[in-house]
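Some notes on the structure that comes next.
The values are calculated or read from the model by the stated rules, or taken from the named source; none is laboratory data. Computed from a predicted model, the values in this text were never measured in an experiment. Here the Cβ positions follow ideal geometry from the backbone for every residue, glycine too, while neighbour counts run over all protein chains shown.
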Amino acid sequence: MRTINSDIIKQAVRDLFLSACRMPGDDALSAIRAAYQAETCPPSKEALRQLIENARVSDETGMPYCQDTGMAVVFVDVGQDVHVEGVLDAAINEGVREAYEQGYFRKSVRDPITGINTNDNTPAVIHYDIVEGDRISITAAPKGFGSENMSRIAMLKPGDGISGIKSFVVDCVKSAGGSPCPPVVLGVGIGGTFEKCALIAKKQLLREIGSLNSDTTLAVLEQSLKDEINALDIGVMGFGGSNYCLAVHIATYPTHIAGLPVAVNFQCHASRHAHITI
């Protein structure tokens with residue numbers, strides 16, 4: 001049994017959010033640059049140029065790439081042979097609190113009924129998995145709500161099949177239009193239950209953008225959906241063109257014979273996350 005002090009976890013979470021809130025990942029920037037080279041619609045090409053310039057300024061100044069530094073989402077894989085000295089939830093939330101205060105990041109979290117702001121961007125949304133080993137892996141994923149608000153779940157019928165899934169995903173994109181700050185990444189979860197499909201959809205946003213799905217059937221479906229979505233001519237920021245979607249990432253989970261849950265989680269171009277293993 002390995003013991004990890006909660007202060008170490010707090011410091012790790014703080015550093016992860018200080019990093020992730022300031023800059024998108026290298027995979028996102030590479031995808032945006034590739035989209036800029038390929039784009040032929042002048043307004044969309046200019047928007048992509050400005051995103052690239054924005055990243056340069058952010059890198060030079062340390063200022064956040066986007067003013068919406070999101071709600072703190074944290075994925076934690078806890079090794080079954082780890083003992084945390086202290087309260088894990090409290091350590092994670094304290095790390096988030098320190099990051100948003102030290103980084104002067106926008107504090108956007110409020111009570112959903114009263115509207116009263118918590119003033120430190122906590123509580124975080126924390127997802128735990130118990131895994132083998134004696135380590136803790138933490139992924140920080142600040143999630144802006146321009147994209148989060150466009151996300152949808154549908155409880156389809158088993159008979160709707162692949163065509164029904166594709167129709168739902170494409171309809172979500174048509175409804176969202178330019179609101180989620182495209183170019184976007186789409187995380188799609190299929191199967192499980194109402195809440196499970198949403199969680200696996202969100203986890204798909206952590207994949208390297210454009211990485212090939214190990215399931216060949218899903219890889220084909222991802223490419224087919226991406227092509228169909230980009231053919232809609234919605235484009236970057238809704239300006240038209242063929243680079244609305246940088247990637248579609250899909251995962252499945254076994255489900256009940258009477259159901260076909262599907263979730264679509266939108267991620268804007270500021271695809272931000274950072275990871276550490278302790």
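Below is a table of values for the structure above.
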{"quantity": "Qualifying positions in segment 100-145 - among the β-branched types (Val, Ile, Thr) and in a loop (DSSP other than H, G, I, E, B)", "calculated": "Val109, Ile113, Thr114, Ile116, Thr118, Thr122"}
{"quantity": "Complete set of residues in segment 241-278 that are buried (at least 21 other Cβ atoms within 10 Å of the Cβ) and polar (S, T, N, Q)", "calculated": "Asn243, Asn265, Gln267, Ser271"}
{"quantity": "Qualifying residue in segment 112-132 (condition: within 13 Å of the chain's Cα centre (by Cα) and buried (at least 22 other Cβ atoms within 10 Å of the Cβ))", "calculated": "no"}
{"quantity": "Residue check, Pro24 within 21 Å of Gly70 (Cα to Cα) and touching a residue at least 40 places away in the same chain (Cβ under 8 Å)", "calculated": "yes"}
{"quantity": "Near pairs, Cβ below 8 angstrom, 6+ apart or cross-chain, from segment 156-185 (at negative phi and without any contact (Cβ under 8 Å) to a residue 60 or more places away in the chain) to any residue that is exposed (fewer than 15 other Cβ atoms within 10 Å of the Cβ) and assigned to a loop (DSSP other than H, G, I, E, B)", "calculated": "Ser179/Asn149"}
{"quantity": "Filtered residues of segment 15-30 (kept if part of a helix (DSSP H, G or I), in contact with a Phe, Trp or Tyr (Cβ under 9 Å, 6 or more places away or on another chain) and buried (at least 23 other Cβ atoms within 10 Å of the Cβ))", "calculated": "Phe17"}
{"quantity": "Of all residues making up segment 72-105, the number that are under 13 Å from Phe17 (Cβ atoms), of a type in the set (D, E, K, R) and surrounded by fewer than 15 Cβ atoms within 10 Å (Cβ to Cβ)", "calculated": "1"}
{"quantity": "Failed item in (1) surrounded by fewer than 22 Cβ atoms within 10 Å (Cβ to Cβ); (2) in a helix (DSSP H, G or I); (3) touching a Ser or Thr at 6+ places or on another chain (Cβ under 9 Å), with Gly159 passing the rest", "calculated": "(3)"}
{"quantity": "Which listed residue, of Thr61, Thr69, is closer than 22 Å to Ile32 by Cβ, β-branched (Val, Ile, Thr) and surrounded by 13 or more Cβ atoms within 10 Å (Cβ to Cβ)", "calculated": "Thr69"}
{"quantity": "Residue among Asn243, Asn230 that alone is in contact with a Pro (Cβ under 6 Å, 6 or more places away or on another chain) and either touching a residue at least 40 places away in the same chain (Cβ under 8 Å) or within 25 Å of Leu156 (Cα to Cα) (or both)", "calculated": "Asn243"}
{"quantity": "Flag if Thr139 is among the polar types (S, T, N, Q) and surrounded by 15 or more Cβ atoms within 10 Å (Cβ to Cβ)", "calculated": "yes"}
{"quantity": "Filtered residue count, segment 39-62, keeping only those that are among the polar types (S, T, N, Q) and under 10 Å from Gly235 (Cα atoms)", "calculated": "1"}
{"quantity": "Any hit, segment 95-111, residues being closer than 18 Å to Thr277 by Cβ, touching a strand residue (DSSP E or B) at 6+ places or on another chain (Cβ under 6 Å) and in contact (Cβ under 8 Å) with a residue 40 or more places away in the chain", "calculated": "no"}
{"quantity": "Any pair with Cβ under 6 angstrom, 6 or more apart, that starts in segment 30-43 at a residue that is in the same structural domain as Gly235 (by TED's automatic domain parsing) and more than 8 Å from Leu246 (Cβ to Cβ) and ends at one that is modelled with pLDDT of 95 or more and basic (Lys, Arg)", "calculated": "none"}
